[in-house]
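The values are calculated or read from the model by the stated rules, or taken from the named source; none is laboratory data. None of these values were measured; they are calculated from a predicted model. Cβ: placed from backbone, ideal geometry, glycine included. Neighbour counts: every protein chain shown.
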Amino acid sequence: MEPSTVQSVALAGSVAGDLSIWHLFLQADMIVKLVMLALIFASFWCWAIIIEKTIRMRRLRRQATQFEENFWSGGSLDDLYDRIGSRPMDPMSAIFASAMREWRRSSGKGAREGDSHQSQS
């Protein structure tokens with residue numbers, strides 16, 4: 001046999017034909033198919049969560065910017081609290097509303113205690 005001559009020989013058990021993803025999927029065992037389908041489903045689910053969280057973060061960032069503009073506008077904080085109401089829509093408004101409630105509660109309690117001290121004197 002000459003060194004320059006190479007003969008191709010079909011190997012036993014060699015893959016013949018199509019190596020496309022679809023063909024490989026169809027030739028796979030049922031367990032492999034189920035695992036692959038579960039992985040595809042999990043991938044879609046993860047991407048849905050990623051997209052939803054991205055949209056939510058953008059909305060919260062926009063609401064926070066609007067709240068900051070209202071807060072630093074120089075208007076009355078009582079008016080801002082009255083506009084926000086008892087159901088704030090974003091975390092910054094919720095913190096502000098909670099702080100205003102506590103401030104009003106403590107200033108109301110202080111005024112009542114001050115009145116009782118003056119009447120006793």
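Take region 10-34 and flag every residue that is at pLDDT below 95, within 37 Å of the chain's Cα centre (by Cα) and of a type in the set (A, V, I, L, M, F, W, C). Correct list: Ile21, Trp22, Leu24, Phe25, Leu26, Ala28, Val32.
For region 97-114, the condition of being within 18 Å of Thr65 (Cα to Cα), modelled with pLDDT of 90 or more, touching a Leu at 6+ places or on another chain (Cβ under 9 Å) and part of a helix (DSSP H, G or I) holds for none of the residues.
Among the residues of region 46-96, those that are surrounded by 11 or more Cβ atoms within 10 Å (Cβ to Cβ) and not in a helix (DSSP H, G or I) comprise Gly75, Pro88, Met89, Asp90.
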